[in-house]
Amino acid sequence: MSASRGSDVRMPAYDVVFFDLDGTLHLSGEPFPCLPEFINATAERYGTTFVAVTNNTSMPPDQYRQKLLKMGLRPEAFELCSPLNVLAAASADDMPRNVFPLATQDVADFLVEHGYETSSPYPAAVLATFDVEVDYAKLSAACQHLTNGAQLYSTHVDIRCPTASGFIPDCGALTHLLESVTSTETVRDFGKPSEQMAAYLRRKHLSAGERAVIVGDRLYTDVALGHAMKIDSVLVLSGEARADDPGLQSDSRPTFVHESFLAFLQTVYTPDEGAPSVKSYAAV
Ligand SMILES: [Mg+2]
């Protein structure tokens, strides 16, 4: 899709920009300077579709979206996708409807709102998420369901979540605990860089002929999702990855490396010489 405001509008290199959040848009909840404003301006001027893609399943997507609005993104400038959106759209073949959610109450409520049965004493599946309300009783119940034949699914594979004061256990750590105790293996997950997430993003956010890119600070989730979607990828050095990362020399390397998301956007959305630039537009 392209912008249609005014005669000086140029087509950008990409129609759709998927982007990561922590380490890419913000660091520990603090947005990188000028970045939300630049995204707002680019979306308005060029009609570029921005899609925030997060693996965070500690809260429903709408709650997470509110956090991004508070960081300065305008509501019309972006959409948001988490593994919970993928689950909401999943078929019964992808994910049983009768589940025991190892999840926060808000996420459990989200699943019920989207057709999942979560109160059965004999669930067909246990769904591990980034459950920041987890306790021993819930872990025990999940293990007992798995021991009794339920299958294990998870929203995403991240082992740990970085915070300003250190790492905390993420969904992958809880999943490993369940696998270890019950000698089971996870059937599938729905986050970056899974095929389920890749197929969902293509179906939901990409039209035929549109050019897309994904921007993120991790090779094994963000850049890997770009490979899964067969689109360009940008590794930014504002978060986890470093310029000397061995992965940059491997087959899983990104299409481009930039210091920051803003640096990439300023490169891509500055049209040819003589044409108006988003850079100058955003600075006005
Ligand atoms: Mg990140």
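Taken together, the values in this text are just the output of simple stated rules run on the coordinates, not laboratory data. None of these values were measured; they are calculated from a predicted model. Note: ideal-geometry Cβ built from the backbone for every residue, glycine included; neighbour counts use all protein chains shown.
General remarks:
- Farthest toward the positive end of the dipole of the range 12-118, out of TYR14, ASN40, PRO61, is the Cα of ASN40, where the dipole comes from beta carbon charges about the Cα centre.
- Positive minus negative residues near LEU73 (Lys, Arg vs Asp, Glu; Cβ under 10 Å): +2
- Shape category assigned to the range 131-201 from the gyration tensor of Cα positions, a/c cut at 1.5: oblate
- Cα lying deepest toward the dipole's positive end in the chain, options PHE261, TYR136, ALA241, charges on Cβ: PHE261
- Efficiency of FRET between CYS34 and ASP106 - r from beta-carbon atoms, R0 45 angstrom, step 0.05: 0.90
- Around the Cα centre of the range 92-189, unit charges on the Cβ atoms of Lys, Arg, Asp and Glu (plus for the first two, minus for the last two) sum to a dipole of about 220 debye.
- Gyration tensor (alpha-carbon) shape descriptor, the range 162-234, a/c threshold 1.5: oblate
- Calculated FRET value between TYR136 and LEU69, using beta carbons and R₀ = 35 Å, to 0.05: 0.45
- Lys, Arg +1 and Asp, Glu -1 on Cβ, resulting dipole of the chain about Cα centre, debye, nearest 20: 440 debye
- Label sites at ARG202 and GLU76, each approximated as a point 7 angstrom past Cα along Cα to Cβ, lie 3.2 nm apart.
- For GLU210 and GLU259, the difference between the fully extended length at 0.36 nm per residue and the C-alpha to C-alpha distance is 15.1 nm.
- Pairwise FRET efficiency - GLU113 versus ASN148, Cβ, R0 = 22 Å, nearest 0.05: 0.25
- Within the chain, the longest segment free of exposed loop sites, counting GluC sites (Glu not before Pro) that fall outside DSSP classes H, G, I, E and B and have at most 12 other Cβ atoms within 10 Å, spans 1-184.
- Under 16 Å from the Cα of LYS230 - aspartates and glutamates, other chains or at least 8 residues apart: ASP15, GLU195, GLU210, ASP222, ASP251
- Taking a straight line from the alpha carbon of LYS138, these lysines sit under 30 Å away, with near neighbours fewer than eight places off in the same chain left out: LYS67, LYS192.
- Note: relative contact order over the chain, using C-alpha pairs below 8 Å and six or more positions apart, is 19 percent.
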